[in-house]
Structures are given as C-alpha cells and as structure tokens.
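Q: Have a look at this one before I ask anything.
The values are calculated or read from the model by the stated rules, or taken from the named source; none is laboratory data. These numbers come from a predicted model, not from an experiment. Cβ placement follows ideal geometry from the backbone for every residue including glycine, while neighbour counts extend to all protein chains displayed.
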Amino acid sequence: MPLVRIDLRRGKDAAYRTALGRAVHDALVSIGVPADDRFQVIAEHDTEGLVYDAHYLGIERTDDIVLVQITFNDTRTVEQKKALYKAIAENLGRSPGVKPGDVFVSLVEVKKENWSFGNGVAQYAS
C-alpha cells in the first residue's frame with residue numbers, strides 16, 4: 001500500500017499533473033504493486049514553498065523539479081528500489097516530459113501494522 005506524495009511548482013495544467021500521477025503509479029506497478037492500489041496527493045507550491053538546490057551532487061535541476069515521496073511497507077529489496085527509481089525517471093521523461101535531473105525521489109518505509117485503510121482498523125497487523 002504505497003501512499004504517494006508528488007510536489008511541484010505551481011503553474012502546470014491538470015493534464016500534466018495527471019500524467020505525473022500516472023507515471024509514478026505505473027512505475028510502482030512495475031515492481032509488483034497491485035494496479036488498484038493507488039493513493040496519491042499531488043500538491044503545487046509557490047516559489048517560496050518549494051525550495052531546492054539547483055546543483056546538489058552535480059545534478060542540474062530547474063523549476064520543473066518534481067519531488068516524489070513514497071511511503072510503503074518495508075519489504076522491497078535494494079534491487080527493487082533501484083528499478084523503481086529508474087522507472088519513475090523514465091516514465092516521467094516520457095510523459096509529461098520531466099528531465100531526469102528534475103526527478104527527486106524519497107522512499108519512507110514503514111512496518112505493515114502502521115497502516116489503517118479505513119474503518120479504524122489496522123488491516124495488516126497480525
């Protein structure tokens with residue numbers, strides 16, 4: 001059950017934002033996340049609300065930067081994570097056309113019992 005947060009600068013149209021969500025979800029599906037397991041928050045920010053270093057680690061970033069934070073169960077291998085990073089960057093490059101340097105991904109891993117999908121129940125807790 002990933003919870004995806006996508007943050008970007010204000011000003012892109014609805015089709016662009018939809019393409020961002022689709023690209024990230026397709027990448028998650030490519031590493032085994034069920035296709036119907038889609039929960040995303042896509043948020044736009046003014047200039048002062050999204051701050052980044054344009055050259056950190058020698059990677060060139062622009063105001064088209066997209067920050068993707070994925071919270072999911074602590075069950076993926078390093079290989080799966082690397083495949084996910086690559087798939088996200090490739091998918092975002094295809095549509096809506098985000099440059100690889102503008103794709104910033106952060107994974108937050110949690111234990112299964114740290115989720116409630118509704119009804120006040122921890123569905124994965126044993």
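Q: Taking the range 57-83 only, how many residues are surrounded by 10 or more Cβ atoms within 10 Å (Cβ to Cβ), farther than 16 Å from VAL98 by Cα and either over 15 Å from the mean Cα position of the chain (by Cα) or without any contact (Cβ under 8 Å) to a residue 60 or more places away in the chain (or both)?
A: Qualifying residue count, the range 57-83: 7.
Q: I would also like to ask the following. How many of the residues making up the range 12-34 are over 20 Å from ARG94 (Cα atoms) and either at pLDDT below 95 or not β-branched (Val, Ile, Thr) (or both)?
A: Counting residues in the range 12-34 that are over 20 Å from ARG94 (Cα atoms) and either at pLDDT below 95 or not β-branched (Val, Ile, Thr) (or both) gives 2.
Q: Are any of the residues in the range 73-92 in contact with a helix residue (DSSP H, G or I) (Cβ under 7 Å, 6 or more places away or on another chain) and more than 30 Å from GLN123 (Cβ to Cβ)?
A: So far as the range 73-92 goes, yes, one or more of its residues are in contact with a helix residue (DSSP H, G or I) (Cβ under 7 Å, 6 or more places away or on another chain) and more than 30 Å from GLN123 (Cβ to Cβ).
Q: Please identify the pairs in which a residue from the range 89-116 that is more than 21 Å from ILE31 (Cα to Cα) has its Cβ atom under 6 Å from the Cβ atom of a residue that is surrounded by 13 or more Cβ atoms within 10 Å (Cβ to Cβ) and of a type in the set (Asp, Glu), counting only partners at least 6 apart or on another chain.
A: Close Cβ pairs (under 6 Å, with a partner that is surrounded by 13 or more Cβ atoms within 10 Å (Cβ to Cβ) and of a type in the set (Asp, Glu)) amount to ASP102/ASP64.
Q: Further, regarding this structure: Looking at the range 1-31 only, could you name the residues that are touching a residue at least 40 places away in the same chain (Cβ under 8 Å) and either exposed (fewer than 11 other Cβ atoms within 10 Å of the Cβ) or touching a Gly at 6+ places or on another chain (Cβ under 7 Å) (or both)?
A: Hits for the range 1-31 are ILE6, ALA15.
Q: In addition: Looking only at the range 97-126, how many residues end up being within 14 Å of the chain's Cα centre (by Cα) and either farther than 24 Å from LEU57 by Cβ or in a loop (DSSP other than H, G, I, E, B) (or both)?
A: 1
Q: Would the range 92-101 turn up any residue that is at pLDDT 95 or above, under 14 Å from ARG5 (Cβ atoms) and not acidic (Asp, Glu)?
A: Looking through the range 92-101, none of the residues is at pLDDT 95 or above, under 14 Å from ARG5 (Cβ atoms) and not acidic (Asp, Glu).
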